[in-house]
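A short worksheet on the structure shown next.
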Amino acid sequence: MLSKLPTSLPPHLALKFIKVYSNSGDLQRARHLFDKIPQPDLPTWTILISALTKHGRSLEAIQYYNDFRHKNCVEPDKLLLLSVAKACASLRDVMNAKRVHEDAIRFGFCSDVLLGNALIDMYGKCRCSEGARLVFEGMPFRDVISWTSMASCYVNCGLLREALGAFRKMGLNGERPNSVTVSSILPACTDLKDLKSGREVHGFVVRNGMGGNVFVSSALVNMYASCLSIRQAQLVFDSMSRRDTVSWNVLITAYFLNKECEKGLSVFGRMMSEGVGLNYASWNAVIGGCMQNGRTEKALEVLSRMQNSGFKPNQITITSVLPACTNLESLRGGKQIHGYIFRHWFFQDLTTTTALVFMYAKCGDLELSRRVFSMMTKRDTVSWNTMIIATSMHGNGEEALLLFREMVDSGVRPNSVTFTGVLSGCSHSRLVDEGLLIFDSMSRDHSVEPDADHHSCMVDVLSRAGRLEEAYEFIKKMPIEPTAGAWGALLGGCRVYKNVELGRIAANRLFEIESDNPGNYVLLSNILVSAKLWSEASETRKLMRDRGVTKNPGCSWIQVRNRVHTFVVGDKSNDQSDEIYRFLDYMGEKMRIAGYLPNTDFVLQDVDQEEKEEVLCNHSEKLAVAFGVLNLNGESSIRVFKNLRICGDCHNAIKFMAKIVGVKIIVRDSLRFHHFRDGLCSCQDFW
DNA sequence: ATAGGGTTAG
């Protein structure tokens, strides 16, 4: 068909054909025809560009608009600018948004309410409140839509107080808010947890009879759930005359946010039995809600029901369930989800990719974590933070510092989480001076005020480097009340550097502010035992018993094929327990020949030397490592996880084992990852 | 012409 058309149509005919093709949605042909016209006139440009925008082909619309500007022979009309403004809004394209605004001024459309409103909306979607305000303030006449768009823009930009201000001001300026205004403004109250303003808006809704609008009433449910209580939210929900899927979704989310999983699930059940249509957000609200409340199993169960109901997990579903692999440290499951993400092109999404980076890091594979991060084309504060935290967890402080520099250089603003990440990296790599410099630069260069966590990180930086007196001085000079984190860091340092005096001070503070944490009693007792202060050590353990505090049982686990195998000290319940102990015996001989000396400091009981060595050989981490080595299946590395800190003797023994067996052994304890390879550990024995 | 719900880091 196309080839039979004459190559150059007379202009009026070309316009007619482009119109026909555009209206029928055949934009390929419309473009084809358009491209052949040597000098299109204004109506032709306008028809094509507005058709492209209307059919969601915003990128092409903007390209043609830039062509149009380049040729510079015709002036744009209002309709053309309106279309391009819409295109910029849908792509959140600030750069071209500014061009449209410029043209509107240059060609004298500033006083037009219709175009002005479109420009405000465009800037709002682009999250550029300055632009929107310029347009808004330059308008000679403003209607409800101008005010509503301005308020929406403020909400989009996170300027919630300003949004409420606009709502209040519009009444004074003689414009009455409508239901759209109200449903735009209520999320501001919700996010601010501002019950007073929320009630004020609710009053307005009642006085003006807007309660029947589902947008408005659903927003009210959300507001009450966030500002007052789930009960009040339920009351508003019950009084609604009309409810749609979104209203139900709001209620479900509210219950999960309030940690009432069973109620959330039962609302979801009612939704199904009452025949309310479910959509993706409904499923995602339940799955995400379960995940947020630690109900991983339930989340996975709902996920499979979702799939059985004909909903394919979408990008948000996947991002919600990915932390299941992160928390279960299931590298296998995580890789499967990565495959799904790859096949469905979800990897373009920042949130999803960030969750992937974190999953790989927490599952012990920093290399894959880096690889995913390096492929990201756009990075925000959270994604940079995630990579920084990932490298810090693995003890690569230098790399964390480099990432931090790169982040700042690329113009992404660090927040308080960034600094917790960087500083903990410094503490794991003995970067004391660097840590101090970063800490000092926080408020000066980045306007982030150091909080209690940052101070604790600094105590950790100093303590881990053995500068215990300085760490103690730092605590004493802190402008805020030192938390358990700060004293805990000092106590940890005292354990490594065997400082009884400061250890006692730190522990005694911890026994007051964190009296139920068994770890503190155990740490002090360990310090006292290694100083041979047996009776004081047993007093500490007595104090712990008297207070009813019980030691957390240490346990280690490892995933082999599809199963997680868990070990406690002296465990003999594994199918392969006999082999494990035989293997450890055999290893023990080889290790001794290689120069390994058992470090019996780590045995608490006052027993004789031989017995102490016996006790050391059955620590859960050694059992899990042995099991991993026995079940290598051709892998060159194994990953073991432990709930408590790795024991010092185990740390030493695993170095020897990695060398003798010739594999990479990765152990994650409660504080960080240790990469054992060829007789050395990545933490440089600094843990 | 302007409107609501589901996702990532400590």
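The values are calculated or read from the model by the stated rules, or taken from the named source; none is laboratory data. On a predicted model such as this, the values are computed, not experimentally measured, just so you know. All Cβ positions, even for glycine, are placed from backbone atoms using ideal geometry, and neighbour counts span all protein chains on display. Side chains are part of the model used for accessible areas, which takes the heavy atoms of the whole protein and leaves out ligands, DNA and RNA. Shrake-Rupley method; radii C 1.70, N 1.55, O 1.52, S 1.80 Å.
Key figures for this structure:
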| quantity | calculated |
| --- | --- |
| Point-to-point label distance, A:N631-A:S577, nm (Cα→Cβ direction, 7 Å offset) | 1.6 nm |
| For chain A, calculated [θ]222 nm from helices alone, where every DSSP H run of n ≥ 4 adds -39500 (n - 2.57) | -21000 deg cm²/dmol |
| Lys/Arg +1, Asp/Glu -1 at C-beta; chain A dipole; positive extreme among A:F237, A:A626, A:V214 | A:V214 |
| Reach of A:K659 by Cα under 19 Å, taken over lysines that are not fewer than 8 positions away in the same chain | A:K590, A:K622 |
| Surrounding net charge for A:I593, when Lys and Arg each add one and Asp and Glu each subtract one, Cβ distance under 14 Å | +1 |
| Accessible area, probe 1.4 Å, largest first, for residues A:D409, A:D380, A:D238 | A:D409, A:D238, A:D380 |
| The range A:1-141 - percent of accessible surface contributed by carbon and sulfur, probe 1.4 Å | 56 percent |
| Two-site label geometry, A:R545 and A:A452: point separation in nm, points 7 Å out along Cα→Cβ | 3.2 nm |
| Inverse of mean 1/r across different Cα pairs in chain A, Kirkwood, Å | 30.0 Å |
| FRET efficiency, 1/(1 + (r/R0)^6) with R0 60 Å, evaluated for A:I593 and A:D238 via beta carbons | 0.20 |
| Scaled radius of gyration (Cα, divided by 2.2 N^0.38 Å) that the range A:63-122 gives | 1.01 |
| Those lysines that a straight Cα-Cα span of less than 30 Å connects to A:K125, excepting residues fewer than 8 apart in one chain | A:K19, A:K54, A:K71, A:K78, A:K86, A:K98, A:K169, A:K193, A:K196, A:K312, A:K378 |
| Peptides A:166-178, A:650-662, A:225-237 ordered by average Cβ neighbours within 10 Å, highest first | A:650-662, A:225-237, A:166-178 |
| Distance (nanometres) between label positions extended 7 Å along Cα→Cβ at A:D35 and A:D585 | 7.9 nm |
| Selection from A:S383, A:N314, A:F511 lying farthest towards where the dipole of chain A points positive, charges on Cβ | A:N314 |
| Segment A:Q684-A:Q336, length gained on full extension (0.36 nm per residue, minus Cα span) | 121.9 nm |
| Rounded Å value of the spacing that divides the Cα centres of the range A:144-218 and the range A:224-303 | 24 Å |
| Directionally averaged shadow of the range A:555-681, computed from the convex hull of its alpha-carbon atoms, nm² | 7.3 nm² |
| A:C110 - accessible surface, heavy atoms, 1.4 Å probe, Å² rounded to 10 | 60 Å² |
| Where chain A is the region considered: accessible area per residue in Å², 1.4 Å probe | 48 Å² |
| In Å², nearest 10: area of A:C617 left accessible to a 1.4 Å probe | 70 Å² |
| Among A:C426, A:A486, A:M442 the positive-end extreme of the charge dipole of the range A:366-516 (Cβ point charges) | A:C426 |
| Solvent-accessible area, 1.4 Å probe, carbon plus sulfur percent, for the range A:555-681 | 48 percent |
| Full-stretch length increase - A:V408, A:R444 - with 0.36 nm per residue and alpha-carbon distance subtracted | 11.6 nm |
